[in-house]
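Engineer: Sharing a structure below in structure tokens format, with a few things to ask.
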Amino acid sequence: MKTLLKVEDLSVDVGSARILKGLNLSVDRGEVILLLGPNGSGKSTFLHTLIGDPRYKPASGRIIFDGADVSQLPMVDRIKLGLSLGFQFPPKIRGVTLRFLAEKILEKRGLTRSEAGRLIEKYSHILNLDYLLDKDLYVGYSGGEIKRAELMLTLLQAPRLLMLDEPDSGVDVENLALVGSAISSYLSEDEGRSAIIITHTGYIGKYIKATKAYVMVDGRIICRGNPEILVSNILEHGFEKCFKCEGIS
Amino acid sequence: MRLREIRDALRRRALSALSKPSPYGLDIDTSRFTAGLGSGRLDLEDYIDAMESVGVDPKERDRSGSYYQVDNIAAYYSSRYKGLVVKPISEALEDEDILDYYWRAIPVDLDKYTAAAFLYERDGYYIRVDDGVDIPAPIQACLLLRSPSLLQVPHNIVVVGEGAKLHVLTGCTVAREKPGMHIGISEFYVKKGGLLTFTMIHSWSRGMHIRPRTSVYVDAGGVFVSQYITTSLVDSIQMYPTVYLIGEGGSAYLSSIIVGRGSSHIDVGGAIELKAARSTGEVVSRVLSMDESRIVSRGRIKGLVRGVKGHIECRGLILSDGSYIDAIPELEARAYDVQLTHEAAVGRIAEEEILYLMAKGFTEDEAKSIVVRGFLQPKLPMLPRQLADYLSVVMERIAYAL
């Protein structure tokens, strides 16, 4: 089966406002998708709905993952199936170190202590996090440190569908390179791994071989196309041109 | 002769204070409890679990010495170091020169609890470390209450000599669920450049009323660190230990971790008086309320001379609808160049943190445990490694048992 994720006519309300308005999107195995769109277009809501965040309940539509409808499944079960989301703004958690949470995630996956130790060493090395491992989660971290730490915790879940919410915003060039190469090496380890990456600027696209880009405006996908062309158009003209997009019916 | 005179004077003051209530906590009628010696017999085998639950190792592994008391009588004591003296206060009064320390840090007529403690006084530990002696392993004290309805009144004195180092671990517990009252009088003295860390773990039960009275005097360059932990059911606890930094550059760190359960009334504070130049103090508390428990968490720092610094940090988590937490930090700045700060925050577990952890693959209960464990994770300055490790394990156990 080629399709990993299929989202059909998904609508989501937050309070009395409809944020997602009949959204359709599908992701094949091995596909890496950039999701672009202006602030407030519903990109974050979309990924939080996919992971099963109880604050975002679908009003209608279906989420099919690996052939099964997961739209009513609780978050913990979706994660077991292989979905994972890296937050744009993860919360500070005092008294919980990065290492502690990394170990707990791996313990949950059933890894032994020594396997866990090796994996943590590997990712903290790739993402230059060694010096942060024993610090309380996100307390006093810089913007780049937050992105790198959150990416490590997300990758340690070994997702089949990796979802990242703006891994490249507020990040300097060095950090962007670290984050980008960690994502692309994770995805290249297994051809079946897929990703949806929200990006404002498309910068992350320089480091990751994206297969498709989508533009979301006002709770709908309005445009689809080649990531390089789409990103360079948006960087040049803003989202203006996307409204006349001809790549999608 | 001198002791008798001192005691007569103390007795007169105590008698005059027998009905003087404490300004804090529930008012308890001490006459409801039996004033007797109880039993000094210690059948170790029967109490191993109780002792271990408060960090006391009956085999004394990794310990520099021990003092065990059952009810009001010393049952066992030992010292494994030269320069470390451990004995019951009743003996120390006979053969040690302790009158400069005996009821000198705490006024006997402070309230009816100190008065009762003096009038029924019998034992408690006297621990002294000679000048310059560094005792790396902790000394352990276990105060066990066995007889029902007894008033237990240990009087403890610790003297840390100049440049000496000592770590005291005190575990107080009750043999079985029984009513009773415990008034612990603790007078500690840290001489110039000395270090005393004091870790106290309470594991009481329903029916118990606890009124420790603690004062600490710290001389120039001395350091006093206190860690207090109470997590079990109890009817009431009220304590407000006070540290007086009387010498230049002395410092104090008071930390308490309080878990309120059942219908416990807990009123715990920490006070530091910065009385000499460049002295510094910190009062830190982590308070967690469950069931119908009522908790008051106090902190008070007085800056009395120029060039001193103090900070109070109080964090509370309310885990049930029927419980409450009052955080009362007080700063008193009585000199020009004084820096005193506080931060207090009370609330429930942040939903945002729980949802985040659930998105990392944990169930809601697992996520809560992780947050609570982090919340209770104490900073443990100056503690020897084995003690710090032990306390981390204790906190882990509490968090996952909630």
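Engineer: At a Cα cut-off below 18 Å, give the aspartates and glutamates reachable from A:Lys57, other chains included and same-chain residues fewer than 8 away excluded.
Structural biologist: A:Glu8, A:Asp9, A:Asp13, A:Asp69, A:Asp77, A:Asp218, B:Glu351, B:Glu352, B:Glu364
Engineer: Could you give me the ³J(HN,Hα) list for the stretch B:106-117, computed from phi with Karplus coefficients 6.51, -1.76, 1.60 and θ = phi - 60°, whole Hz, x at Gly and Pro?
Structural biologist: 3J(HN,Hα) across the stretch B:106-117, in whole Hz: 10, x, 5, 9, 4, 7, 5, 6, 5, 4, 5, 4.
Engineer: Probe 1.4 Å, all protein chains in place: accessible area of B:Phe198 in Å², nearest 10?
Structural biologist: Its heavy atoms expose roughly 10 Å² to the probe.
Engineer: Counting alpha carbon pairs within less than 8 Å and at least 6 residues apart, what relative contact order, in whole percent, applies to chain A?
Structural biologist: On the way: 472 pairs, mean separation 63.6, N = 249.
Worked out over chain A, it gives 26 percent.
Engineer: Another one. Treating the angle as unsigned and between 0 and 90°, give the value, to the nearest 10°, between the Cα long axis of helix A:227-237 and the longest Cα principal axis of chain A.
Structural biologist: So the inclination is approximately 70 degrees.
Engineer: Same structure, new question: Using r as the Cβ-Cβ distance of A:Ser188 and B:Lys379, and R0 as 35 Å, what FRET efficiency do you calculate, to the nearest 0.05? Walk me through the numbers before you get to the answer.
Structural biologist: Working: r = 42 Å, r/R0 = 1.21.
Computed FRET efficiency for A:Ser188 and B:Lys379: 0.25.
Engineer: What is the packing order of peptides B:53-61, B:2-10, taking the mean over residues of other C-beta atoms within 10 Å and listing the highest first? The partial results should precede the final answer.
Structural biologist: Values: B:53-61: 17.3, B:2-10: 12.0.
The densest-packed peptide leads the list: B:53-61, B:2-10.
Engineer: Also, I was wondering about something else. For the stretch B:87-103, in order, what is each residue's ³J(HN,Hα) by Karplus, 6.51 cos²θ - 1.76 cosθ + 1.60 with θ = phi - 60°, in whole Hz (x at glycine and Pro)?
Structural biologist: The phi angles translate into 7, x, 4, 4, 6, 4, 5, 8, 10, 10, 8, 10, 5, 6, 10, 7, 6 Hz.
Engineer: Would you tell me the mean number of C-beta atoms belonging to other protein chains that fall within 10 Å of each C-beta in B:153-161, as a whole number? Write out the running numbers ahead of the final one.
Structural biologist: Details: counts 0, 0, 0, 0, 0, 0, 0, 0, 0.
Mean partner-chain Cβ count within 10 Å for B:153-161: 0.
Engineer: Something else now. With a cap of 10 neighbouring Cβ atoms within 10 Å, and only residues DSSP puts in a loop, list the chymotrypsin sites (Phe, Trp or Tyr not before Pro) found in the stretch B:321-371.
Structural biologist: Those satisfying the criteria are B:Tyr336.
Engineer: How much length is gained on full extension from B:Arg80 to B:Ser392, taking 0.36 nm per residue of separation minus their Cα-Cα distance?
Structural biologist: Values: separation 312, 0.36 × 312 = 112.32 nm, distance 2.64 nm.
Extending this stretch completely gives an extra 109.7 nm.
Engineer: Given chain B, what percent of its DSSP beta bridges are antiparallel, to the nearest 5?
Structural biologist: Working: 11 of 136 bridges.
Counting DSSP beta bridges with both partners in chain B, the antiparallel share is about 10 percent.
Engineer: Also, quick follow-up: In debye, nearest 20, what is the charge dipole magnitude of the protein assembly as shown about its Cα centre with +1 on Lys and Arg Cβ and -1 on Asp and Glu Cβ, if you could check? Please list the in-between numbers first.
Structural biologist: Details: 79 positive and 83 negative charges, 66 e Å.
With only Lys, Arg, Asp and Glu charged at Cβ, the dipole is about 320 debye.
Engineer: Also, quick follow-up: If R0 is 35 Å, what FRET efficiency do you get for B:Asp130 and B:Asp46 from their C-beta distance, rounded to 0.05?
Structural biologist: Numbers: r = 36 Å, r/R0 = 1.02.
The calculated FRET efficiency here is 0.45.
Engineer: Using a 1.4 Å probe over the heavy atoms of the protein chains, calculate the carbon and sulfur portion of the accessible area of the protein assembly as shown as a whole percent. Walk me through the numbers on the way to the answer.
Structural biologist: Numbers: 12610 of 26340 Å².
About 48 percent, which is the carbon plus sulfur part of the accessible surface.
Engineer: Residue by residue through the stretch B:352-362, what is 3J(HN,Hα) from phi via Karplus (6.51 cos²θ - 1.76 cosθ + 1.60, θ = phi - 60°)? Round to whole Hz and write x for glycine and proline.
Structural biologist: 4, 5, 5, 5, 4, 5, 5, 6, 9, x, 9
Engineer: Name the shape class, rounded, prolate or oblate, that the alpha-carbon gyration tensor gives for the stretch B:180-289, where a ≥ b ≥ c are the square roots of its eigenvalues, rounded holds for a/c under 1.5, and otherwise prolate holds if a/b is larger than b/c and oblate otherwise. Walk me through the intermediate numbers first.
Structural biologist: Details: a/c = 2.87, a/b = 2.23, b/c = 1.29.
In terms of gyration-tensor shape, prolate.
Engineer: What do you get for the angle between helix A:98-108 and the principal long axis of chain A? Use alpha-carbon atoms, 0 to 90 degrees, nearest ten.
Structural biologist: 80 degrees
Engineer: For Cα pairs less than 8 Å apart in space and 6+ apart in sequence, what is the mean separation divided by the residue count of the stretch A:143-185, i.e. the relative contact order in percent? Don't skip to the answer; put the middle values down first.
Structural biologist: On the way: 20 pairs, mean separation 22.1, N = 43.
RCO, the stretch A:143-185: 51 percent.
Engineer: Now for a different question. Amide H of B:Ala74 versus every other amide H placed in the peptide plane: which residues, excluding those fewer than 5 positions away on the same chain, fall under 5 Å?
Structural biologist: B:Gly124
Engineer: Also: Out of the stretch A:1-101, which trypsin sites (Lys or Arg not before Pro) are coil in DSSP terms and have no more than 14 other C-beta atoms within 10 Å?
Structural biologist: Numbers: sites: A:Lys2, A:Lys6, A:Arg18, A:Lys21, A:Arg29, A:Lys43, A:Arg55, A:Arg62, A:Arg78, A:Lys80, A:Lys92, A:Arg94, A:Arg99; in loops: A:Lys2, A:Arg29, A:Arg55, A:Lys92.
Loop-located and lightly packed - A:Lys2, A:Arg55.
Engineer: Average partner chain C-beta neighbours within 10 Å, per residue of A:82-93? Could you put the intermediate results ahead of the total?
Structural biologist: On the way: counts 0, 2, 3, 3, 2, 5, 0, 2, 6, 9, 4, 10.
Neighbouring Cβ atoms belonging to other protein chains average 4 per residue here.
Engineer: Label-point separation (nm) for B:Leu402 and A:Asp66, each offset 7 Å from Cα along Cα-to-Cβ?
Structural biologist: Placing both labels 7 Å beyond Cα along the Cβ direction yields 3.3 nm.
Engineer: Measure nothing but the geometry: give the 0 to 90° angle between the long axis through the Cα atoms of A:173-188 and the longest principal axis through the Cα atoms of chain A, rounded to 10°.
Structural biologist: 80 degrees
Engineer: Mind grabbing the accessible area of B:Asp29 for me, 1.4 Å probe, Å², rounded to tens?
Structural biologist: Looks like 80 Å² after rounding.
Engineer: Among B:73-85, B:167-179, how do they line up by average Cβ neighbours within 10 Å per residue, starting with the highest? Don't skip to the answer; put the middle values down first.
Structural biologist: Values: B:73-85: 16.8, B:167-179: 21.2.
Descending mean neighbour count gives B:167-179, B:73-85.
Engineer: State the Cα centre-to-centre distance between the stretch B:308-351 and the stretch A:187-249 in whole Å.
Structural biologist: Centre-to-centre distance over Cα atoms comes out at 49 Å.
Engineer: Rounded, prolate or oblate: pick one for the stretch B:57-195, where a ≥ b ≥ c are the square roots of the eigenvalues of its C-alpha gyration tensor, a/c under 1.5 means rounded, and failing that, prolate if a/b is larger than b/c, else oblate. It would help to have the intermediate numbers written out before the result.
Structural biologist: Working: a/c = 2.13, a/b = 1.30, b/c = 1.64.
Here the stretch B:57-195 falls in the oblate category.
Engineer: On the full set of protein chains, 1.4 Å probe, figure out the accessible area of B:Met358 and give it in Å² to the nearest 10.
Structural biologist: 40 Å²
Engineer: Looking at this model, which pairs from A:Lys43/A:Lys209; B:Lys87/B:Lys192; A:Lys104/A:Lys212 are more than 29 angstrom apart at the alpha-carbon? Let's see the in-between values first.
Structural biologist: Details: A:Lys43/A:Lys209 20 Å; B:Lys87/B:Lys192 23 Å; A:Lys104/A:Lys212 34 Å.
Going by Cα-Cα distance, A:Lys104/A:Lys212 fall outside the 29 Å limit.
Engineer: Oh, and also: Would you mind telling me the antiparallel percentage of the DSSP bridges in the protein assembly as shown, rounded to 5? Provide the component values of the computation, followed by the final result.
Structural biologist: Details: 35 of 177 bridges.
Taking every DSSP beta bridge within the protein assembly as shown, about 20 percent pair in antiparallel fashion.
Engineer: For the stretch B:154-191 and the stretch B:377-402, what is the centre-to-centre distance using only Cα atoms, to the nearest Å?
Structural biologist: The two parts, judged by their Cα centres, are 20 Å apart.
Engineer: With +1 on each Lys and Arg Cβ and -1 on each Asp and Glu Cβ, and nothing else charged, work out how big the dipole of the stretch B:72-220 is about its Cα centre, in Debye to the nearest 20. Mind showing how you got there, number by number?
Structural biologist: Details: 16 positive and 17 negative charges, 149 e Å.
Its charge dipole is roughly 720 debye.
Engineer: Sorting check: for A:119-132, B:139-152, which peptide has the highest mean count of neighbouring beta carbons within 10 Å, and how do the rest follow?
Structural biologist: Details: A:119-132: 16.8, B:139-152: 23.6.
The peptides rank, most packed first, as B:139-152, A:119-132.
Engineer: Sticking with this structure for a sec: Considering only C-alpha atoms, what is the centroid distance from the stretch B:83-122 to the stretch B:242-291, in Å?
Structural biologist: With the stretch B:83-122 and the stretch B:242-291 each reduced to a Cα centre, they are spaced 23 Å.
Engineer: Tell me the per residue accessible area of chain A using a 1.4 Å probe; a whole number in Å² is fine. Please report the intermediate quantities before stating the final value.
Structural biologist: Numbers: 11000 Å² over 249 residues.
Heavy-atom accessible area per residue stands at 44 Å².
Engineer: For A:Lys122, go through the aspartates and glutamates and keep the ones whose alpha-carbon is under 12 Å away, minus same-chain ones fewer than eight residues off.
Structural biologist: Partners within reach: A:Asp130.
Engineer: Quick check: from the Cα gyration tensor, does chain B come out rounded (a/c under 1.5), prolate or oblate? Provide the component values of the computation, followed by the final result.
Structural biologist: On the way: a/c = 1.43, a/b = 1.23, b/c = 1.17.
Rounded, since a/c falls under 1.5.
Engineer: Could you order B:Ser90, B:Ser255 by accessible surface area, starting with the largest, using a probe radius of 1.4 Å?
Structural biologist: On the way: B:Ser90 40, B:Ser255 10 Å².
Most to least solvent-accessible, the answer reads B:Ser90, B:Ser255.
The values are calculated or read from the model by the stated rules, or taken from the named source; none is laboratory data. Fair warning: this is a prediction, and the values are worked out from it, not measured in the lab. Because the Cβ atoms are built from the backbone with ideal geometry, glycine has one as well, and the counts that use them run over all protein chains shown. Note: accessible area is taken over every heavy atom of the protein model, side chains too, but ligands, DNA and RNA are not part of it. Shrake-Rupley method; radii C 1.70, N 1.55, O 1.52, S 1.80 Å.
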